[in-house]
Every structure is written in C-alpha cells, then in structure tokens.
Amino acid sequence: MLKLLASLALRSAWSLPFVLASALAQVPVQVVPPAAPTPAPNAAPHAAGAAPGAAVATASTAQDAKSAKDGDKPKRKGIPVEDPLVHTHCARCHALDAEQLMTRISFLRKSPEGWSESLKRMVRLHGLQISPSDAKQVVRSLANSHGLARSEAERGLYESERRVHWSEDAQDQDFRRACAECHPLGRVLLQQRDEEEWQLLRSTHVAMFPLARGQMGGGPPPEEERRRGPGGPGGPQGAGGGQGPSGGPTQGVGDRVLSRLAKDQPLFTDAWDRWQKHRREVPLAGTWTVTGHETGLGDLFGTATLVRTDADEYDVVWELRFANGSQVRRTGKGLLYAGYSWRGRAAAAGDGAASWREVLLLDERWQTLRGRLFTGNYDELGADVTLHRPGAPRILALGNAALEVPSRGHRLVAYGSGFPAAVAPADLFVGSGLTVQQVERVSDRELVLVVDVAAGTELGTRQVVFGSEPEGPTVRLYDTVDYVRITPLQGLARIGGAKHPKQLERFEAFAMHRGPDGKPYTSDDVTLFQVWPQWGLEEFKVREQDDDVQYVGAIDPASGVFTPAIDGPNPARKWTANNIGDVFVTAVVELDVPVRPEPKGKDGKAAAGKPAAGKPGDAPAGDGKPEVVPSAAQPPTPPAVPARVKKSFRARSHLIVTVPLYARWQALDWEDR
C-alpha cells in the first residue's frame, strides 16, 4: 500500500514539486559557444561557485581553445532569437553571437508551459528580475519562435492539460526508468532538442539532482573521475558510471534514451519547417459550437464566441449547458501560440468565481479546437471539450443517443450548426432499421428527432447524418442494460483544508451493455448512457478493524463529488494518524429496462449482438415457426413494446485518499493570461 501511495504521489500531474519544478532545468552546466561568439553588451563572465544570478554568458578559456581546435567541425545549426526583449532578459546568462544564436535557447523548442517553467526557474535560482508584463511577452515570444508544431504538441498534450487520470504504460521501459521516476513523461515529450542539447539536459539533471545519475547515468568528466580515484563517488565506472536503485549500471539506459530522443524529437522537423515557411495568423474569430463532457455534470453543449483583440489574442464568451440541467456563462481571454496551441482563462460572473484554464489544440485543417478546461487546487476539476468552426449544416453530437431494440417514439437530440429554418425527416440519414418519424427544430444548432427502431434490428451503432455530409456521430442500439460502471475505476483525492489545499474527486456512473461477445465485464462492453445513482462509501479492508471510511471524508449522495477530510494528525484516530486511507465508492440506481431476450442459438450469439437470420421459408432455430419476410412494397410492422422490469444495479470503484503535496511552486502573477 505504501508503495502504491508513493507511486501515485510521484506520478500525479503535479507531484513532489521540489523535483518536478526543476526536473527539466535549463541551467547552463556546460556552455559550448558558437564558433565566433559575440557577447551581448550586458553579458558577464560566470565564475565557478558564483552566487545565483551570476552571469554565464561567456565560455571559459579552455572552452575557447577547444572551439579553436575543433574549428573544422560543422557549425551547429540553431534557431535565431530575434526578440530584443528576450535579448534584454536572457543574454545576461546566455551568450548571443552575430547570427543571434543564444546558448541553450537556440537549440531547443518547448511548449508554452515549458518556457514558463524555465523562466520561473531563472527567477528562483538565478536572480532574474522581470516584470509580469515582460514575463508574459518573453514566454509568448519563445513559445512562438521556439515552440512546437501541432503533431509535436499533441504528443504530450495531457501534460499541458493537467490531467489527473492518464497512463504512460505504453511508453518504452528505458524511457520510463530514466525519466518517469520524477515527473510525467509528458514533460519530455513536449520538447525538441538537437543531439548536444539532449546531452546537456542530462548533465543539468546530474548537476542539480545527483540522484538522477542513478536513473540515467552521466557524471563527472573522465579527468575528474580519475582524480577521485576508484573509491570516489561513482565507483570504478568512470564517466559512464551511475548505479540504479538495484545497483545495476544505468549509463546504457541513459545513452539509449538520449539517442532515441535525439532521433525522435530533434530540433528541426518537417512539420516545424512547413509551419515556419507557411506561417500566418490563423483566423479564429466567430461563434464556435462546443460539444464535450464534464465529469459529474454529463455531456455539454453550447457556444464559444471569439472576438479578435490583437494578433492571436481574443476575448471569449462561453455559454454552456449540461445533461444534468445546469448552465454556465464564462468570459475571459485567450492566446494562440505557434499557430496551434490555445491557452486561455475564463470565469463566471460573481465575486469569488473560480477561474478556469483552457488548453486547446487546433487541428491541421483549422476546423476544430480540442482539449480541456480545468480548475481546482490541483487542476483536478475539468471538462473535455471540442470547438467546431461555423460551417455547412451538420450534426456534431447527439443526446439521448442509446436506443432500445425495438422501440417507438424515441426522442434523439441532435446538436450541430447551420440547421435551416425548415428541416424534414428526409434531410436526415439514420441507418438501417431506424426511421425518423418527425423532426422538431429547436434552433439553428439543435434538432429533436422522433425515431422508431424496428424489431429484429441488429444491435450496434448507426451514424446520424444531415444532408450531404459524408458522416456523423453515432447512436448505440441495445436490447437491455447488463450492469452499471463507475468512472474513474480508481480515484485519487488529497486531504487538506488546514495548511494545504484539498484535492477533490468526482465520480459518475454509466449503464453498460455486454457488447458483441455477449459477456459482461469484458473489453468490448459498450457504454450506453449516464445514470444518476445514490452515492456512498464503504470500507476497503486492508487490515483488521480498518476504519478509514470514518475519517477520509464524505461523498455527496446526489452528485458523486468526494470531499476529503482535513489535513494534519487526527487526535481522535488511532495512533493520531492522518485522515488518509482506502475506501470503496458505491453507486446504487434503479432502472426500468427491457427484459433481455432469450438466446436463439446454442452459443447465444444471436441475442448478444445479431438476431437469428435465415432464408425466407426456413425455420429459424428456437421457435419452430417460419419467418415472415415482408415484401419491398409492404410497410414494416410497427415494433412491439418489449416486456420491461424495474431492476436495481449496484457498482463500486476504489478511492485512495492520500497526503497533500507539502511543497508546491505556486503560479506567478504573470501566468494569469
């Protein structure tokens, strides 16, 4: 259990900040200047052992000699830094040459969050003094000129989105061993560097966090290792040394990881080159249709109106409504970095309204912005959204999209944009077995379709398409509800309220179908619709007389929002323990569902997903009666109403309530964009 808690604490989106905040430090450990460096006017030499804030713009005499010796070596290619404001604040420590290449900065590209972290580190560790307005401009400039192409930003977007629930299990094991012990791999995936810069990154880690040598190798130069001798730190492995937690060598691991990163995430890529050659301001102004989902509140639909105020800057008005009936209106501002990466903030009207952050990514065709809106002390409360640019009439999302087979008069809600004033059933395609009997136009963005589903229709999905659009969202056809599932299956919360903030957790429940294989609780099971159960907590017993459920906190029985207890030792608890522990989250709901049809075949496949079929006149298995097949001119028989039953469903999931993050680098004022 302690190992699990430690792992969760380490791998949370913002955990162990004394490691995370500096894990990708850019402190110039070894500066190799360009062939003919021209220091900036405010540059100053950096002496060994200088206090934080001392300049490191010029290289040592030994480094100059090495550069002269290697004069025939191909010149290192980098990205010029052309912003005078960056020169003003950064050339004090980063050498600037005649081609406007700056040490370290010119040889890497990062996300806006990556540059923001670098700037905060310069403030914390090197005495950089910068105003909030200048800081925002520096981050914006670097994120544009040394940012990421869309495909590069998408690779580690979950890190920028501050997701609490994510997995990196599919990543390379060496990569995870070298980097994921201290921070999410998303931090590395959101960077592009040349080969030398990746090596300098390891040197930075080892210099600032010596224990990192045990994960990725690296260490003192050979002459320093020889001076220390075989008994000195690092052992007999020399510069290639480094011991992992189990005592095994890690230099090979680090070398393999750095070699792969230099190959997979180089400084220059085709995607970045294309964007730079064809770069222009992306027009975003207009009213975009918003679809998405927020945990606990259900599916959402609405609009986001963007009004351009300056180049790549917008005022935004969000108007959203949710499946549970709630509505919200937020106003704020946003920026588009490097042509694809949207960052913004918005808040609802009223004193004390929480500010929501926005991390969205524009698609290659500039038609959708997709990402996450989030808030909370740990960025744990959020909504997944997609913004759709105004265009031709089309259906973008569906509400009440699970249809019983058979059924009559099902009211299917279609959300989209551009619907004309007059809409007829013939304007919509819903697939085989479904018939649109009536269409009600609520607005130019919403339709209500009255749909019948014929008896014997094959279970599965059908597309719902308007007009000439080639495809659209899908409905799910089912015969009954087999069970209810809670998400997340494993939640995480942190106690707080006295010295540290609380991390909340939100749960929701969904009706599930057994899927094509006919077996519940397997990977092909289908989510049907959200249900609104009665929520509760039960003990997750890991020892005798376990009493965690009495102390960890409480869950709202109606909304599924878990609020952890206060931090600090609890005198009322045995051993004056903290209010942490493991509990089950339970959901109980009663649903009126169709009775599951009896399987017609011996293997049950007909009932699982496809009804029994045969040639006209054949006797299908199970009933001994000939099948009646209507002629093409004969109208289909209206579906019969299936037998129904009220059924109680119960589900549970696991919740870990752990300690706060005892040290966190708080956001600076200039991060409020």
Viscosity 0.692 mPa s, temperature 37 °C, Stokes-Einstein D of segment 125-211 from Kirkwood C-alpha radius, µm²/s:
215 µm²/s
Label zone at SER133, where the point sits 7 Å out along the Cα-to-Cβ direction: segment 309-332 residues whose backbone N lies under 15 Å:
none
Accessible-area ranking of PHE584, PHE507, largest first, probe 1.4 Å:
PHE584, PHE507
Of every hundred units of 1.4 Å-probe accessible area on segment 330-478, the number belonging to carbon and sulfur atoms, as a percent, is 47 percent
Could you state how much accessible area VAL593 has, in square angstrom rounded to the nearest 10, with a 1.4 Å probe and all protein chains kept in place?
10 Å²
Taking a ≥ b ≥ c as the square roots of the Cα gyration tensor eigenvalues, with a/c under 1.5 meaning rounded and otherwise prolate when a/b beats b/c, else oblate, which class fits segment 448-533?
prolate
Need one number: nm distance between label points at ALA311 and THR331, each 7 Å from Cα along Cα→Cβ, rounded to one decimal.
2.8 nm
With a 1.4 Å probe and all protein chains left in place, how much accessible area per residue does segment 287-327 have, in Å²?
39 Å²
Theoretical gain in end-to-end length, THR461 to GLU598 [0.36 nm per residue, Cα-Cα removed]
47.2 nm
Keeping all protein chains in place and using 1.4 angstrom, which order do ASP273, ASP452 fall into by accessible surface area, from largest down?
ASP273, ASP452
Estimated D of segment 468-604 in µm² per second, where Rh is the Kirkwood radius over Cα pairs and Stokes-Einstein applies at 25 °C, 0.890 mPa s:
137 µm²/s
Leaving ligands, DNA and RNA out of it, report the carbon-plus-sulfur percent of the accessible area of segment 74-115 at a 1.4 Å probe.
61 percent
Could you state the per residue volume, in Å³, of the convex hull enclosing the Cα atoms of segment 307-415?
157 Å³
Expressed as a whole percentage, what fraction of the accessible surface of segment 486-569 belongs to carbon and sulfur atoms when a 1.4 Å probe is rolled over the protein heavy atoms?
56 percent
Under the classification rounded if a/c is under 1.5, otherwise prolate if a/b is larger than b/c and oblate if not, where does segment 62-218 fall, given a ≥ b ≥ c as square roots of the Cα gyration tensor eigenvalues?
oblate
If I model a spin label as a point 7 Å beyond the Cα along the Cα-Cβ vector, how far apart are those points for THR435 and THR522 in nm?
3.4 nm
Reach of LYS646 by Cα under 19 Å, taken over aspartates and glutamates that are not fewer than 8 positions away in the same chain:
GLU404, ASP479, ASP482, GLU590, ASP592, GLU598
Heavy-atom accessible area order for HIS165, HIS205, largest first, 1.4 Å probe
HIS165, HIS205
Rounded to the nearest 0.05, what FRET efficiency do ARG408 and PHE584 give with R0 = 41 Å and r taken as the Cβ-Cβ distance? Could you check?
0.55
Simple spin-label estimate for THR474/LYS499, 7 Å along Cα→Cβ, in nm, reads 5.2 nm
What whole-number value in Å² describes the accessible area per residue of segment 432-517 for a 1.4 Å probe?
38 Å²
Assuming R0 = 51 Å, what is the FRET efficiency of SER559 and GLU99, from their Cβ-Cβ distance, to the nearest 0.05?
0.30
Determine the gain in length on full extension of the stretch GLN550-ARG650; use 0.36 nm per residue of separation and subtract their C-alpha separation, reporting nm with one decimal.
33.8 nm
Probe 1.4 Å, all chains present, heavy atoms only: PHE429 accessible area in Å², nearest 10, is 120 Å²
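The values are calculated or read from the model by the stated rules, or taken from the named source; none is laboratory data. Since we're looking at a predicted model, the values are computed, not measured. Heads up, the Cβs are rebuilt from the backbone with ideal geometry, glycines too, and the neighbour counts pull from every protein chain shown. These accessible areas exclude ligands, DNA and RNA; they are computed on the full protein's heavy atoms, side chains included. Shrake-Rupley method; radii C 1.70, N 1.55, O 1.52, S 1.80 Å.
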